[in-house]
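Report on the structure given below.
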Amino acid sequence: METKVYKVQEDNIDLNIIKQAADIIKSGQLVSFPTETVYGLGADGLNEEAVKKIYKAKGRPSDNPLILHISEISELDNLVCEVSEEAKLCIKEFWPGPLTMIFKKSKIVPDIITGGLDTVAIRMPSNKIAKELIKHSNTPIAAPSANLSGRPSPTSADHVYEDLNGKIGLIIDGGRCDVGLESTVLDVSGNIPMILRPGKVSYEDLIKILPNTIIDKSILKDGEIPKSPGQKYKHYAPKGQMLVFIGENEKVVSKIKEESRKYTKNGNKVAIIATDESIKEYTTTDGLVLSIGSRHNIKSIGKNLFEVLRKCDDENIDVILSEGFEKDNLGMAIMNRMLKASGGNIIKIK
Ligand code: TXA
Ligand code: MG
């Protein structure tokens, strides 16, 4: 299959392209599209045969449920049994935006979406291209991140092309994703709201609205069994082995330099994930040195993380030595992805 890539500008959307893409969705085929978090791989969420194609293209395990994307709040009623007061508050505050909520599902949601669970994940994205596509498709769009299963999520159309070229008909190229990390997943189907996956909508944001929100233990700790099916799989993983160092900045830098010498000496190709502040401390003899962004702008770090991990894959890096970050606000999402990418290798330097 030939994969076409059409560029669309979010502030000047070409509706002809959106309509073509919507026709592909309506005909039961797949389209990759930008959202504010990461690129999605979309299909008609109420068409079982179409959704099957998502699992096939990604190589995704069938018990890992998908998010349904809507463009109007009124679409929610059809898809869920009830919307709690807590969910209503979150909708008011955070939709459209990078928050997915888990509800008790209605009968019309196919089992293939939910992996057999009685709950369904729903999100209303704020990216205008995504919204127009959903609106013109006239159906909720099921969309996981548009990467091959196990690879870092795609934050540009190039990343999607790299993973899915030949497997899907169309990629809408809307430029780089603003957040760069997948949406926060919040379970509002039970009595106590629980964060199952951290994202741009942070714990600190959520407790302002829902003070009793709790966090699934597995988010920041390796070895705990996650509540969300998708979180149990090895995720976001670069091909090389990744080690993340946390502690005082100076000590972290000198430890990374020491480790890089050791690994290089043993014949490994090493990459260092530094920051704008620390990059000048390393030299090219330490390895391939990449800046992930500025410590004074944590948003830049979230935006660049997956791109930097993909860069390491492109360069066939064996060992990635990364600086770590504080776990508050967006830092929780960043450190959660680093925990997964490193297979739990987060090392505290004393
Ligand atoms: O930002 C995002 O959420 C992106 C864009 C495209 O919207 N999508 C995305 O989808 O990240 P995916 O499939 O890569 O991640 C969905 C996560 C998985 O961890 C999955 O297990 C969880 O949501 N999930 C889906 N339905 C669930 C349910 N009923 N209960 C618990 N977790 C669920
Ligand atoms: Mg994913």
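The values are calculated or read from the model by the stated rules, or taken from the named source; none is laboratory data. Predicted model only: the values in this text are computed from it and were never measured. Glycine also receives a Cβ, built like all others from the backbone with ideal geometry; neighbour counts cover every protein chain displayed.
Structure summary
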item	result
Conditions (1) within 15 Å of MET335 (Cβ to Cβ); (2) buried (at least 19 other Cβ atoms within 10 Å of the Cβ); number of the one not met by LEU196	(1)
Residues of the stretch 148-193 satisfying the condition of being of a type in the set (S, T, N, Q), within 18 Å of the chain's Cα centre (by Cα) and surrounded by fewer than 22 Cβ atoms within 10 Å (Cβ to Cβ)	SER149, SER156
Qualifying residue in the stretch 72-79 (condition: within 19 Å of the chain's Cα centre (by Cα) and more than 16 Å from ligand 2 (Cβ to nearest atom))	no
Strands (runs of 3 or more DSSP E) lying entirely in the stretch 239-325 (those with 1 or more residues that are among the hydroxyl-bearing types (Ser, Thr, Tyr) and touching a helix residue (DSSP H, G or I) at 6+ places or on another chain (Cβ under 6 Å))	288-291
The stretch 96-110: number of residues that are buried (at least 19 other Cβ atoms within 10 Å of the Cβ) and of a type in the set (S, T, N, Q)	1
Within the stretch 105-211, helices (runs of 4 or more DSSP H) holding 2 or more residues that are within 13 Å of ligand 2 (Cβ to nearest atom) and modelled with pLDDT of 95 or more	157-164
Count - residues of the stretch 27-39 that are out of contact with any strand residue (DSSP E or B) (no Cβ under 6 Å at 6 or more places or on another chain) and either within 16 Å of LEU99 (Cα to Cα) or near ligand 1 (Cβ under 8 Å from one of its atoms) (or both)	4
All positions within the stretch 169-217 that are in contact with a Ser or Thr (Cβ under 6 Å, 6 or more places away or on another chain) and closer than 30 Å to ASP23 by Cβ	ILE171, ARG176, CYS177, VAL179, GLY180, GLU182, SER183
Test for LYS350: is it outside any helix (DSSP H, G or I), surrounded by fewer than 20 Cβ atoms within 10 Å (Cβ to Cβ) and among the basic types (Lys, Arg)	yes
Single residue of the stretch 216-241 satisfying the filter (under 15 Å from ARG337 (Cα atoms) and hydrophobic (A, V, I, L, M, F, W, C)) that is farthest from ligand 2 (Cβ to nearest atom)	LEU220
Positions within the stretch 212-236 being among the small types (Gly, Ala, Ser) and either buried (at least 18 other Cβ atoms within 10 Å of the Cβ) or at pLDDT 95 or above (or both), in sequence order	SER218, SER228, GLY230
Long-range neighbours under 6 Å by Cβ, at least six apart or interchain, first residue within 16 Å of ligand 2 (Cβ to nearest atom) within the stretch 17-35, second not aliphatic (A, V, I, L, M)	LEU30/LYS53; SER32/TYR39; PHE33/GLY40; PHE33/GLY42; PRO34/ASN127; PRO34/GLY174; THR35/PRO125; THR35/ASN127
